[in-house]
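For reference, the structure is listed below as structure tokens.
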Amino acid sequence: MHETSPIELLFGGMEKLGPGSNADTLKVLNMLPKRPYEVIVDAGCGAGRQSLVLAQQLQTRVHAVDSHEPFLTDFLQRAKAAGMENLIQTHCMDIADISNCFREVDLLWSEGAAYNIGFPHALRTWYRAVKTEGIVVVSELSWLHGQVPAQVREFFRSCYADMRSTNENCSIIQDAGYDLLDMYTLPNSAWIADYYDVLEPRAKALLNHADESVRVLAAETLEEIRIFGCAEGSYGYVFFIMQKV
Ligand SMILES: C[S@@+](CC[C@H](N)C(=O)[O-])C[C@H]1O[C@@H](n2cnc3c(N)ncnc32)[C@H](O)[C@@H]1O
């Protein structure tokens, strides 16, 4: 990758590429039906933080899918350092193609990545990859209540106009052919620790970068962090735990 790649400059080397934490991944994992999960796919794994938690906890190989090769390279180094490379298999491919490559999946996990191909589309296309009664866990940015500050509403009008309420996402899940088993909303701390508190100083340091696209990404990131600070809990990442009917 070119050394001035905006994504690499801002996110390179980070363990968390979105809100979340090992404790929250474990909490959600413990909400699943207790049974063997043999075929596990992590869609949009990034640097693989949650893949490692799943693999370690279930002692089962995780197929970690992402289209950004540098994140996977970084991930494999972490897996090796943790002595877990035998439990991780990376696949550099589009998460939209998962159903072409995987069948009879017992557990399809995706933290903060499904929106890239559209939450409804992700659920429909992954349906074919999952075995009957298989479990799908997706975290999706959702409106949590109706009292949204005007500047927050305005920000998401351009950044994520398709963002839906939790109830609307529940309907999408049902329409896609899943039973909703449970939900869990990430606490604010999971956005800040090791994510916004790493990104903010990095973004500030890049505001005067020579490359305009780097400056734009840095400014957008700082605006996202500012909006989070005045959101009054109006949105959050909701984990939807589903079972294929
Ligand atoms: C916000 S990051 C979340 C990464 C990781 N799940 C985490 O929580 O740290 C989204 C990830 O999805 C990946 N991604 C985005 N669109 C993708 C696509 N169409 N196919 C595969 N990976 C994709 C990005 O490369 C990135 O690693």
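The values are calculated or read from the model by the stated rules, or taken from the named source; none is laboratory data. Note that the structure is predicted; figures quoted are calculated from it, not measured. As a convention, Cβ positions derive from the backbone with ideal geometry for all residues, glycine included, and neighbour counts pool all protein chains shown. When the accessible area is computed, the model is the full protein with side chains, heavy atoms only, and any ligands, DNA or RNA have been set aside. Shrake-Rupley method; radii C 1.70, N 1.55, O 1.52, S 1.80 Å.
Things worth noting here:
- The value of relative contact order for the stretch 2-128, using C-alpha pairs under 8 Å at least six residues apart, is 27 percent.
- Karplus (6.51, -1.76, 1.60) ³J(HN,Hα), θ = phi - 60°, over the stretch 234-243, in Hz, Gly and Pro reported as x: 7, 9, x, 8, 9, 7, 9, 9, 10, 10
- Normalised Debye scattering of the stretch 21-71 at q = 0.15, 0.29 Å⁻¹ gives log10 I(q)/I(0) of -0.40, -1.22, counting only Cα atoms as equal scatterers and leaving out solvent.
- Only alpha carbons enter this Debye calculation for the stretch 149-208, each as an equal point scatterer, and the log10 of I(q)/I(0) it gives at q = 0.12, 0.21, 0.25 Å⁻¹ is -0.53, -1.05, -1.08.
- Partners for K34 among lysines (Cα-Cα distance below 24 Å; same-chain residues under 8 apart left out): K131, K244
- Computed about its Cα centre, the charge dipole of the stretch 32-146 is approximately 280 debye, with only Lys, Arg, Asp and Glu carrying charge at their Cβ.
- Against the rule of thumb 2.2 N^0.38 Å, how large the Cα Rg of the chain comes out: 1.00
- Residue-level accessible surface for S171, protein heavy atoms, 1.4 Å, Å²: 60 Å²
- Eligible lysines near K204 by straight Cα distance, threshold 30 Å, same-chain separation 8 or greater: K16
- At R0 = 22 Å, FRET efficiency that the Cβ-Cβ distance of R202 and Q151 yields, to 0.05: 0.40
- The C-alpha atoms of the stretch 146-245 occupy a region whose extents along the principal axes are 52, 28, 25 Å, arranged from largest to smallest.
- Heavy atoms of C101 accessible to a 1.4 Å probe, total area in Å² rounded to 10: 80 Å²
- Mean Cα-pair separation over length for the stretch 138-245, i.e. relative contact order, pairs under 8 Å, 6 or more apart, %: 52 percent
- Projected label points at H121 and C92, each 7 Å from Cα along the beta carbon direction, are separated by 2.3 nanometres.
- Calculated from the alpha-carbon coordinates, the stretch 1-123 shows an Rg and a Dmax of 14.0, 46 Å respectively.
- Solvent exposure of the chain amounts to 46 Å² per residue of accessible area, where only protein heavy atoms count and the probe is 1.4 Å.
- The mean sequence distance of close C-alpha pairs (under 8 Å, at least 6 residues apart), as a share of the length of the chain, puts its relative contact order at 23 percent.
- FRET E, pair E8, D175, Förster distance 51 Å, beta-carbon r, rounded to 0.05: 0.85
- Formal net charge of residues neighbouring V238 (Cβ-Cβ distance under 14 Å; K, R +1; D, E -1): -3
- Neighbourhood net charge (11 Å Cβ-Cβ; Lys/Arg +1, Asp/Glu -1) for F155: -1
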